[in-house]
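Each remark here refers to the structure printed beneath this line.
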Amino acid sequence: MSDSLKERISSFFIGQQHIAPLAVFRIAFGSIMLLSTIRFVLKGWVYAFYIKPKFHFTFYGFESVQPLGETGMYCLFGLLIVSSLFIALGLFYRVAILTFFLCFTYVELIDKTTYLNHYYFISILALLLILVPANRYFSIDVFRKPLLTVTQVPAWTISIFKLQLLLVYFFAGLSKLNYDWLIAALPLRIWLPANSHLPIIGPWLTQLWVAYAFSWFGALFDLGVGFFLLWDKTRKPAYAFVVLFHLATGLLFKIGVFPYIMIAVTPIFFSEKTHIRIIQFFRNYQKPSADHTPKGDLGVWPVSNFQEKLIWAILGLHFTIQLLLPFRFLLYPGKLYWTEEGYRFSWRVMLMEKGGTAFFHVKDPATGRQSEIVNAQYLTPLQETMMATQPDMILQYAHFLAKDYEQKGIKNPIVTAESYVTLNGSGSRLYIDSTINLATEQETFGHKPWILPFRQ
């Protein structure tokens, strides 16, 4: 490794930097969370996702995380709105960011039906924001208590967000290096023609070569953009591509606020001068004042050695997990997009078109009588759709049915599922072994042998 590269890597984490990028990042994150949370409430999704369902698909190990009831859930989202606003303003920041992280992560743990990569991403950013002094500059906290003000922070307090974004993009690109995406242009050749009604670009989206162009560009963009954002000479064009790429995906696909989150937080890669100018813009075009220049120890974040070592330990653990988790699918047999074992929490974004239908039967072993379950009696349409193609949710629902029928007086009911799934337009085929009594199968981190192999 050359000395210049060592110096660049060292300066990425060690040394002091102006705090302005951190302050702008805090404002961007808080603002986008405020808008998206208000939108979530106004769309009626609090009721639809957390109050209406009779049953929730919890994550393995978090079965005790259950909704609070109607009043409790609306109060919780009220807390999310207030804490988002306070984060953006930098008011009571420590309490606000901790409250937001706990409330948001709790909501995401209630039901994996609504799992999205960007929800996971938001929880991670909130966790990292707990560790840094993002309120020590251009905030109401420093207006209330000027002694809190600092102008210089350790470089790692800013670089950890760059590293997290780089990992998200890179792993998203790495996951696209497969036959379906690059050689068969799937699932984009299925999705893009659905937008043929759009003016001007609509007719182009029906062309096969366009699906290939989108697939290859998407893979190359994700693999490289994080690195181009790190370099001074390529940063501006790279960010322009970030904006165009995410606006295009936001227009063509229903992926919520994810594009706008990425557009809002990616400027963290820009220099401190750029962020100082942004803050000056908010200060109504005032000229840069002397407080933008380091003032010796008075301008430095006073973090103790113990605090810094503790934070480094947390960050070391966090980024080790981030580096390893996307590769855990290698521990499982079979086609990843078919079994989905090791799929979540690995930055695999929009990689497959999967649909299916699941029929459940409950049999009384004492009488031999069997009945077919009407899933709509227990699940919302969204839950039923998501459950039909995800083995862990099929198993969890089977356990729920077994418990329900035991309460109705059937001892040790036999629960079987007949599920038909299609992957990337491959045609419907039997998904799991319909002879297996799922009521006696246990959820673990191991492979589920009752998932039938994907056959071409």
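The values are calculated or read from the model by the stated rules, or taken from the named source; none is laboratory data. All values reported here derive from a predicted model rather than from experimental measurement. Cβ atoms come from the backbone with ideal geometry, glycine included; neighbour counts cover every protein chain shown. When the accessible area is computed, the model is the full protein with side chains, heavy atoms only, and any ligands, DNA or RNA have been set aside. Shrake-Rupley method; radii C 1.70, N 1.55, O 1.52, S 1.80 Å.
Remarks
- The stretch 1-142: relative contact order in percent, alpha carbon pairs under 8 Å with at least 6 residues between: 32 percent
- Sulfur and carbon atoms: percent of accessible area, the chain [1.4 Å]: 66 percent
- Nearest 10 degrees, 0 to 90: helix 70-89 Cα axis against the chain principal axis: 20 degrees
- Computed per residue of the chain from DSSP H runs no shorter than four, each worth -39500 (n - 2.57), the mean residue ellipticity at 222 nm is -16000 deg cm²/dmol.
- Taking Lys and Arg as +1 and Asp and Glu as -1, the other residues whose beta-carbon sits under 12 Å from that of residue 393 total -2.
- A cut-off under 13 angstrom between Cβ atoms defines the neighbours of residue 257, and their net charge, with Lys, Arg +1 and Asp, Glu -1, is +3.
- Tilt relative to the chain, helix 391-407 - C-alpha long axis, 0 to 90 degrees, to 10: 60 degrees
- In degrees, nearest ten, helix 117-130 long axis to first principal axis of the chain (Cα): 40 degrees
- Shape call, the stretch 353-440: gyration tensor on alpha carbons, a/c limit 1.5: prolate
- Accessible surface of residue 144, taken over heavy atoms with a 1.4 Å probe and every protein chain present, rounds to 100 Å².
- The chain - percent relative contact order, Cα under 8 Å, separation 6 or more: 16 percent
- Calculated over the stretch 201-246: convex hull of Cα atoms, volume per residue (Å³): 70 Å³
- Peptides 147-159, 398-410, 299-311 ranked from most to least packed, by the mean per-residue count of other Cβ atoms within 10 Å: 147-159, 398-410, 299-311.
- Under 23 Å of direct C-alpha separation, and excluding same-chain neighbours fewer than eight residues apart, residue 233 reaches these lysines: 6, 162, 273.
- Among the listed options [x] 57, 24, 19; [y] 39, 31, 19; [z] 44, 27, 21, the one matching semi-axes √(5λ) of the Cα gyration tensor in Å as calculated from these coordinates is [z].
- Residue 56 accessible area, 1.4 Å probe, all protein chains in place, Å² to nearest 10: 20 Å²
- Taking each of 112/176; 43/112; 335/403 in turn, the alpha-carbon distance tops 28 angstrom for 335/403.
- Averaged per residue, the stretch 353-440 has 46 square angstrom of accessible surface, using a 1.4 angstrom probe with ligands and nucleic acids left out.
- Charge context of residue 336, other residues only, Cβ under 15 angstrom, K/R +1, D/E -1: +2
- List 422, 37, ordered by accessible area with a 1.4 Å probe, largest first: 422, 37
- Taking only the C-alpha atoms of the stretch 168-267, Rg followed by Dmax gives 13.9, 40 Å.
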